[in-house]
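Beneath this line is the structure, given in structure tokens, with notes to follow.
The values are calculated or read from the model by the stated rules, or taken from the named source; none is laboratory data. Computed from a prediction, not measured in an experiment: that's the story for all the values here. FYI the Cβ positions are ideal-geometry reconstructions off the backbone, even for glycines, and counts take in every protein chain you see. To get the accessible areas, we keep the full protein, side chains included, count just its heavy atoms, and leave off ligands, DNA and RNA. Shrake-Rupley method; radii C 1.70, N 1.55, O 1.52, S 1.80 Å.
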Amino acid sequence: MPGRVSTRTSTASHISRNSSTQILNSRRSTTSPTVAVPQEGPESTLRTQICSIFNDAQRTTAGHRKLVVSLRKVQESCCYESIKPGKEAREQFDEDDFNVEIARCVIKLMSVKKSEGVGDRIVRFLGFFLRHASDKDAVLVPESEINETGSFSETASTRLTSHILSILLQFLGSKEKTVRYRSTQLVAHVINSLDSIDDEYYHLLKMGLLRRIRDKEPMIRVQAVLGLGRLAGNEDDGDQESENSDDDDVSGLLEKLLDAIQNDPSADVRRSLLLNLPLTASTLPYLLERARDLDAATRRALYSRLLPALGDFRHLSLSMREKLLRWGLRDRDENVRKATARLFRERWIEDCAGARANGESGALREAVPPSIDGLLELLERIDVVNSGVEEGIASGAMHAFWDGRLDYVEAVSFADPFWDHLSPESAFMARSFNDYCHQQANDKYQTLVEEKMPEVTKLAFFLQRYTNNLVDSLCRNSDRHEADEEEDTVEQEFIVEQLLHIAKTLDYSDEVGRRKMFALLRETLSISELPDEITKLVVDVLRDVCGAEAAGEREFCGVVIEAIAEVHDAIAVDEPAPNNEDESFHSARSEISDTTPTRVKGPRNIAGNEEEDGAKAIREITINMKCLHIAQCMLQNVEVNLHQNVHLVTMLNNLVVPAVRSHEAPVREKGLVCLGLGCLLDKTLADENLILFIHCFKNGHDTLQMTAIHILADILTSHPSLLALKDAESADVAALQKSIFKLFSKGMKAEHAPEIQSAATTALCKLMLTSVIQDEDLLKQAVICYFDPATKENGGVRQALSYFLPVYCHSRRDNMERMARVAGSVMHALVDMAEELDEGEEMVGISMVGNMLVDWTDARKLVVQDEANVSWDEAGKKEVKAINGDIHLDLAESLLENAIYLGCSREDKRASIAMLGKLYITANSSTEKLKKVTELVIQAIDDKIATDAASRNALNKLHVALSRAMGEPRKSKKGIEDTFAPLEGGRTTIEEKGVEESILANENDLKVESVEDAGVMEAKDSLLDELLTDEEDL
């Protein structure tokens, strides 16, 4: 049987429908000088036979098998004696004649372009024939001869292969890319078609292909790595230490291929290496690394082809399994996400269920029934305890699993015995099934939940049982001796968390079940040993149980306040106060040291007091942190006004405010968060404490500064009127505004703390987008910060600003006008910054900055049309008028005034004037602004502030646009004509009709019948897509 191409071989050649056959003539330009092209010679029957076979082979691949048999018969007639002596051929041909004719066809193949499908079909035919001929010749060699020599004997097929390879090696270095491509392609195909190659040619081929992996043409590098991938699997240790290598070309083959898969700019090359490199322990990390490749097709190939063929996924490390799932399921390409989900729910589950066959390609014999044990093992293999948290990948993986395996959805069962012996995996399986069914809009899944999941009362009993087990374990750990080993409670905590997640989705219309769950949660919340995450979930579930109405919210707050008091009492009772006085709730916030003077005691008493004071301090911190955490969870679940709930006022006065005044940093930070949450509920409280948060930012450490920024941003978003100027309080509000603006300005300059800089920039962007802050100085600083080389390494700042700046300008006319007013000063600052750059620092070009500023202030890009562009007809129908160009007129005025009056540097003037030629001027602009800008342009031309031809042309283009917008005829002003820069053909800028049309907008093209018919006008040549694309990978 003839051999077939390896399943690991992949080509990226494009097959066209054109079936033309191009012939490579004997031209020196296509071959290197050392290539000897055989002479055509006279026609012969052998040539006619071989050409006929090749002619049929290039048409279609359907008849290749039959044609290979025919060509083999021709080869046997030339290389071997006929077994039928009665029949003699008309002409006698030997083996050399046959090899020359085959080589002649190979040479003609070299000039066939990549787009021609006939070339690919001939390559496949030659590889098929060489494999078939080698198998036939191997049968003719006696086994005794193979055993004696230890290697395969030389046959007609091996000599033909060597002859073809010797010719192809000469073409690998050709100057013509088509010749290099076809020769490399044929060499790679031959390597992948044969089982063995002569040692001499093995090293020559390796050397030649190694040079081709550095070729400038990606299609050639693809073919080179296809061949080297097969050779890399056969590389032995002797090759690594070869002393006869040319410039170390033949050493470290695998290392060179691994370098190519990481650094080659062509996605096709990286994908070919991904599918053709040998799967070994040394190459596997580099192959799995392609899950983060820039090319979506390469990432998809990893999940859809390499990983399914890899074998049992359990051989991968736990961290690699988690990374592959996270990268794949959260990929930005939908096809990659689908391939990852299919891998998880089809291949990995079958590995755990034990149903995979050992056949070819790891194919499954047949679908097996759902295995719940296999699913539990799969969850264990992805470490569901750590990956099943809120930000983990296990939830997404199981959602994809249930979505694609409906057989498991029908087969899974959650009867009472299932809940008696819960493990982390089984608890998470039940929780993921419950979440998946509730996320579906189909009534079928709601019925499944009702049938399979327990009702509220049963779940409350199960939750109580596992909570008690957890509390018992925590108590044993707290009472253990130092020598005893601490009991691991992570799995028990995880089980309780999953049950609470299920409880959040239950229907509490059943009053009996609601009361049982309410009592259980009330009792659980007062347990002082409860972990923080479970406490948060208990509060969330309790809020749902109490109901969404105002009465339910008041009940919820009262219950939580009682639980806080019980938690305090449970902790404080461990060590009673002196003189057997009961510590009040206020004692948890008292100072550590007693202000009452005491008599100095002996050294022994002093040491005892220090120990007692230390224990008291730790106890007070523990009390405050636990109570504040419960209070924070409660404040995150209420929406009523603060003064309408007496429980909240009491809690703030007795717990939160003293915590903010505490000298302990953890308590103070937690209290600050709770106070910020309380400010969101009451505007008066927020107004009173804004100065406090500003003070925390000025004098606090990094963590406290970030907390203060987040709180201030949330307060100003919830209560934007706090910064609104009023007549009665204008001075106080102005001072508050100044302090807040200074805070954000300082935060954006915090280059020593990238987290603070990113938090301040993001918060400012949100507040400016919502028009809470409208300060031009902060806008100017944000634009400068975006282009500042110092923020190059801070991806959070760059990403936030790359989204904010275009959206801010294009969303409202007021924002665009504000940007136009600061554009001149921004250009001046950035030009000075560019001149002061240190060696090695890079910055965006000033011309690019100017293009962005012009784009951000282009009125055609406004998404929401305002009164300047919208009018109403007599019938009350909305109409869109021509675009108003006042914004670019304001920008032109600002730039011209800076260039004329401020004495800017030469580079500053050049950058500002270059922007003038790109402005959008229309006749629908203000007449006064048109006249004022025209006067400034004429003054600039008269003062000759433009020193180069490009700047003069920009001024002249703006002057022509202004004249036409005002409806004035073009005047022949000598002062203007003298400054025009001549263009090709002896014409000036004004004489160019096309230039005039590109400056002045055609109003007839800009009018729109109505908003209903045309929608929002689309802007052309926008830089928005470029900005977002350039910065989203930072």
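Remark on Ala946: its backbone amide H falls under 5 Å from none of the residues 5 or more positions apart or on other chains, H modelled at 1.01 Å from N.
What the phi angles of region 823-831 give under the Karplus curve with 6.51, -1.76 and 1.60, with θ = phi - 60°, is a coupling list of 4, x, 5, 5, 4, 4, 5, 6, 5 Hz, glycine and proline written as x.
Sorting 184-192, 406-414 by average packing, meaning the other beta carbons within 10 Å per residue, from highest down gives 184-192, 406-414.
Amide H contacts of Ser925: Gly885, each under 5 Å away and 5 or more positions distant or on a separate chain (H built 1.01 Å from N in the peptide plane; Pro and chain starts excluded).
In sequence order, region 221-231 has phi-based couplings of 5, 4, 5, 5, 6, 5, x, 5, x, 6, 5 Hz under the Karplus curve 6.51 cos²θ - 1.76 cosθ + 1.60, θ = phi - 60°, and Gly or Pro positions carry x. Per residue, the convex hull spanned by the Cα atoms of region 459-563 measures out at 90 cubic angstrom. Peptide packing for 797-806, 46-55 was compared via the average number of neighbouring C-beta atoms within 10 Å per residue; ordered from the highest value, the list is 797-806, 46-55. Sparsely packed loop sites in region 731-799 (the GluC sites (Glu not before Pro) outside DSSP H, G, I, E and B with at most 12 other Cβ atoms within 10 Å) comprise Glu793.
Estimated at 0.36 nm per residue, the fully extended path between Ala923 and Cys475 surpasses their Cα-Cα distance by 153.1 nm. Note on Asp416 and Glu43: their simple-model spin labels are 9.6 nm apart, each label 7 Å out from Cα toward Cβ.
Full extension of the chain between Asp333 and Thr770 gives 154.2 nm of extra length, using 0.36 nm per residue less the Cα-Cα distance. Computed packing ranks the peptides 781-788, 730-737 as 781-788, 730-737, most packed first, by mean other Cβ atoms within 10 Å. Counting protein heavy atoms only, region 462-561 has 45 percent of its accessible area on carbon and sulfur, 1.4 angstrom probe. Between Ala735 and Glu533, the C-beta separation translates, for a Förster distance of 41 Å, into a calculated FRET efficiency of about 0.45.
Straightening the chain between Lys792 and Lys944 buys 50.9 nm, computed as 0.36 nm per residue apart minus the Cα-Cα spacing. Using a cut-off of 26 Å between Cα atoms, the listed pairs Lys504/Lys626; Lys742/Lys932; Lys108/Lys177; Lys780/Lys909 include Lys742/Lys932 as exceeding that distance.
Applied to region 633-648, the Karplus parametrisation 6.51 cos²θ - 1.76 cosθ + 1.60 on θ = phi - 60° returns per-residue 3J(HN,Hα) values of 4, 5, 5, 6, 10, 10, 10, 6, 4, 4, 6, 8, 10, 5, 5, 5 Hz, with x for Gly and Pro. Modelled this way, with points 7 Å down the Cα-to-C-beta line, the labels at His438 and Ser166 are 7.7 nm from one another. The label-point distance for Asp56 and Asp94, in a model that sets each label 7 Å from Cα toward Cβ, rounds to 2.9 nm.
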